[in-house]
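**Q** Below is one structure. I have some questions about it.
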Amino acid sequence: MNQKTNHVFRVGDLDWKGLEATGISRQMLEESGNMELLLQGEESEALPLKLRTPLLYITMDATLRIVEGPEGKPVMEIDGIGHELENKEDE
């Protein structure tokens, strides 16, 4: 018997290369059990994130949600619960 899923988004819709460059991996979301929630348009459970940009490392607990971006493509929305900023040059 096939179970019908209520996915609003598909895994392939997201820019995984870009997300992984900032610290969010597909594997992390699958292993934590949050991928199904995200694909259904729901908010994830709180996750510990370590986001990276060229100038900042941000460590925080956050929930994630996939939303439609300005150009109609799905993007990851991050709702931080707490955060610490570290200047990359201090390392």
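Taken together, the values in this text are just the output of simple stated rules run on the coordinates, not laboratory data. All values reported here derive from a predicted model rather than from experimental measurement. In this analysis, Cβ positions are derived from the backbone assuming ideal geometry, glycine residues included, and neighbour counts consider all displayed protein chains.
**Q** First measure r as the distance between the Cβ atoms of I81 and T5, then evaluate 1/(1 + (r/R0)^6) with R0 = 22 Å and state the FRET efficiency to the nearest 0.05.
**A** My answer for the efficiency is 0.20.
**Q** At q = 0.11, 0.20, 0.26 Å⁻¹, what is the log10 ratio I(q)/I(0) for the range 11-90, with the Debye formula run over Cα points and no solvent?
**A** Ignoring solvent entirely, the Cα scatterers give -0.28, -0.91, -1.37.
**Q** Based on the Cβ-Cβ distance of L51 and Q27, what FRET efficiency does E = 1/(1 + (r/R0)^6) give at R0 = 22 Å, to the nearest 0.05?
**A** Numbers: r = 16 Å, r/R0 = 0.74.
With a Förster radius of 22 Å, E is 0.85.
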